[in-house]
Amino acid sequence: MIQHQSPQIARPKLGVALRRGLLGRCPNCGSGWLFSSYLKPVEGCAVCGEAYGHIRSDDAAPWLTILVVGHVAVPIILAVEGRTHWPTWVSLAVWLPFVFALTLAFLPRAKGFLMAVLWFTRAPGSERD
Ligand SMILES: [Zn+2]
């Protein structure tokens, strides 16, 4: 059974916990990983034992990813497209992989960030509770 709070480690401040979550690290200790694969959270931190298996960010991570990637990609695309006269196939060949890569890069960071928010606020984030 994984403990909910390790007695040896002081609870970090909000900014520290959020930065650790953003980096995919355990918000509690910063040493263990928050995910066992691309988006699958670990049941508990391998270093400090903090439990994360019960935290559910649901569709908040894709929502945050769409929000951030949209606000990053669209101005860049509009700026470049306004200065170039690329054929449609070139634009598609450039911008689709660009947006796809941004999305894949940011999605786990958004999920880690939101899991850190849920962990820090002790919000259940689960329908089981
Ligand atoms: Zn930890």
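Taking the residues in segment 113-124 that are in contact (Cβ under 8 Å) with a residue 24 or more places away in the chain and part of a helix (DSSP H, G or I) as candidates, determine which candidate is surrounded by the most Cβ atoms within 10 Å (Cβ to Cβ). Only one residue tops the list, namely ALA116. The single condition from (1) surrounded by fewer than 19 Cβ atoms within 10 Å (Cβ to Cβ); (2) in contact (Cβ under 8 Å) with a residue 24 or more places away in the chain; (3) in a helix (DSSP H, G or I) that ALA110 fails is (1). Close contacts from segment 55-79, counting a first residue that is within 18 Å of VAL117 (Cα to Cα) and touching a residue at least 12 places away in the same chain (Cβ under 8 Å) and a second that is of a type in the set (Asp, Glu) and exposed (fewer than 12 other Cβ atoms within 10 Å of the Cβ), with Cβ to Cβ under 9 Å and a gap of 6+ residues or different chains, come to ARG56/GLU127. Restricting attention to segment 49-74, the residues being in a helix (DSSP H, G or I) and open to solvent by 70 Å² or more (accessible area, probe 1.4 Å) number 5.
Taking ALA46 as the residue in question, decide whether it is within 24 Å of LYS13 (Cα to Cα), open to solvent by 80 Å² or more (accessible area, probe 1.4 Å) and either under 15 Å from the mean Cα position of the chain (by Cα) or of a type in the set (A, V, I, L, M) (or both). Here the answer is yes, as ALA46 does meet what is asked. If the condition is being open to solvent by less than 70 Å² (accessible area, probe 1.4 Å), more than 12 Å from the ligand (Cβ to nearest atom) and either over 12 Å from the mean Cα position of the chain (by Cα) or farther than 17 Å from THR103 by Cβ (or both), then segment 14-43 contributes GLY15, VAL16, LEU18, SER37, PRO41.
Residue-wise test of (1) over 21 Å from THR121 (Cα atoms); (2) at pLDDT 95 or above; (3) touching a Pro at 6+ places or on another chain (Cβ under 9 Å).
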residue: LEU34; (1), (2), (3): no, yes, yes
residue: VAL74; (1), (2), (3): yes, yes, no
residue: ARG83; (1), (2), (3): yes, yes, no
residue: PRO108; (1), (2), (3): no, yes, no
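The values are calculated or read from the model by the stated rules, or taken from the named source; none is laboratory data. These figures come from a predicted structure and were not determined experimentally. All Cβ positions, even for glycine, are placed from backbone atoms using ideal geometry, and neighbour counts span all protein chains on display. Areas reflect the complete protein model, heavy atoms only, side chains present, ligands, DNA and RNA absent. Shrake-Rupley method; radii C 1.70, N 1.55, O 1.52, S 1.80 Å.
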